[in-house]
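Input: a single structure, listed below in structure tokens.
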């Protein structure tokens, strides 16, 4: 394991502790809801988005506890989106992070509600005093997350993905789709540090530019993994895009072209960070990791 | 139409205008998402919760625009919950407010996403500067709504309702179920005025007590409508509870007992409001309306 992978793993463990604490132990006849929320939130994952939250927060000396709470909130939104995307009416996936998806482990109704509850909980966490003493920061976090996750962000991207099955998309349209579906949540993960640390407009724009590039690089790497990855290692079914005839960066640019594009975006992302000096090393390493991961 | 019904109808029209404005016109290949959000939010309804927001806000001289935005946000959450509750995996309902439910009019995937997007949008609206100049108020609104709508509130209540099908519930358990499933959102609707108007602790507690009573009265009236109402007038299928053998206030207390209980709660709710004098007349009328409505 490289130093970076160790760092990523340590951060994932810290975020898991906070998630564990925030989600609490479910009680009452309805406790299956809380169990499903925990099942889908605490079941592994690299915790890329939480890492981006804590690494961007470290640039502005944000208290670790605050950063980890926001990291947990963003991860709750990510996990809710996976639960709903995996539903039979959506992508109909049985395997996620190497385990049965939520609706397979429980049932569809429980999965829908667990997703709803995780999304709602994310806003509860952000709005609580514990996240930041300044209410302006808390309200800004809620606003930024809602915009990133809503109909003009992640949910809109998922809708676009569903209707795209009947359309021939070009590179510009796939780029827009992925920016909405995965890019916006990655962007708020990077910008969260700037919000928590009340960073300058310039610093925030820099983080936004970095996030934009790694978001796209991340998605291209995902498309490559779907073609070249091993299901056991990736933890979910592969070869799905080709099977469904869906346009992806790989189908449009070819394997080599896609790999080159991802590498270029990763380098471009890192180059934005010069202004932060050595403090931004973890974010640079993440830009590299995103396109070189095997799962 | 009584004066009160006219007032309720005028308020509904004002809330619809704000919802119409906040939801905007959908564009892009994914516009079916925005259309489904509008379909399920702008398709009628008495707008009981929005009325409670504006009537409680009026007690503290809150600007009408702020109250209507919060009213719209609460209604978005209510509408999202109806979309998801109506899904085949949940209550499997085809009719809502006299029209096909969202997943019948569109499809299941679109309905799931439209619900997700409406929930997310509610927090966006609350967190925006336009809702209140004081960020503390905005963050408090987000927090209160998240608590009311989440796993310890509305979503938890829906889960409890689903698992209740396999349990024999008594009055105490049904009361808890309904307090979570419908009561908490009614409570935040009443308390929103106190939050927006920075009301005293005492005033907020008074609103909470009122909300608690009307919430329960509302649900008992709903159970009575399911037994005695006409599907055309109620706008959704009736007789469902008896058909499914589900325990309700009516099955536990009998029609007469339930009617008495609802009336008692309605009067008790109104009695809490004395401290507010004549200003609380709309809230008193609402307590009366809730148990005497025919739809």
### Query
Using the Cα atoms as the points, what is the convex hull volume per residue of chain A in Å³?
120 Å³
### Query
Taking neighbour Cβ counts within 10 Å as the exposure measure, how do A:208, B:78, A:167 sort from fewest upward?
A:167, A:208, B:78
### Query
How far is the Cα center of the stretch A:180-222 from the Cα center of the stretch A:44-102, in Å?
15 Å
### Task
May I ask you to sort A:123, A:218 by Cβ crowding, counting other Cβ atoms within 10 Å and putting the fewest first?
A:218, A:123
### Summary
Scattering profile of the protein assembly as shown from the Debye formula, Cα beads only, expressed as log10 I(q)/I(0) at q = 0.11, 0.12 Å⁻¹, is -1.00, -1.18
### Task
Just tell me how shielded B:73-86 is by partners: mean number of partner chain Cβ atoms within 10 Å of each residue's Cβ, no decimals.
1
### Message
If each residue of separation counts as 0.36 nm, what is the full-extension length gain between residue B:4 and residue B:63 once their alpha-carbon separation is subtracted?
### Response
19.1 nm
### Label 7 Å beyond Cα on the Cβ vector: residue A:92 copy-to-copy distances, nm
1.8
### Task
Could you work out the per residue convex hull volume over the alpha carbons of the stretch B:109-220, in cubic angstrom?
109 Å³
### Query
Can you list, shortest first and in nm, the gaps between the label point of residue A:279 and those of its counterparts in the other copies, using a point 7 Å from Cα in the C-beta direction?
4.8
### Task
Grab the DSSP H runs of the protein assembly as shown that are 4 residues or longer, score each as -39,500 (n - 2.57), total them, divide by all residues and round the 222 nm result to the nearest 500 deg cm²/dmol.
-23000 deg cm²/dmol
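Where does each of B:65-77, B:13-25 land if you order them by average Cβ count within 10 Å, highest first?
B:65-77, B:13-25
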#### Entry: For A:255, A:163, order by how many other beta-carbon atoms lie within 10 Å, fewest first
A:255, A:163
### Summary
Shielding of A:154-167 by other chains, given as the mean Cβ count within 10 Å, works out to 5
### Query
With the contact rule set at Cα under 8 Å and sequence spacing of 6 or more, what percent relative contact order holds for chain A?
19 percent
### Query
For the stretch B:159-284, what's the radius of gyration and Dmax over Cα atoms, in angstrom?
16.0, 47
### Task
Once the label point is placed 7 Å from Cα along Cβ, list for residue A:198 the distances to the corresponding points in the other copies, in nm, shortest first.
1.9
### Summary
Mean per-residue count of partner chain Cβ within 10 Å for A:32-39 equals 3
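Throughout, read-outs are computed from the coordinates displayed, never taken from laboratory work. Since the structure is predicted, the reported quantities are computational estimates derived from the model, not experimental observations. Methodologically, a virtual Cβ is constructed for each residue, glycine included, from the backbone with ideal geometry; neighbour enumeration extends over all protein chains shown.
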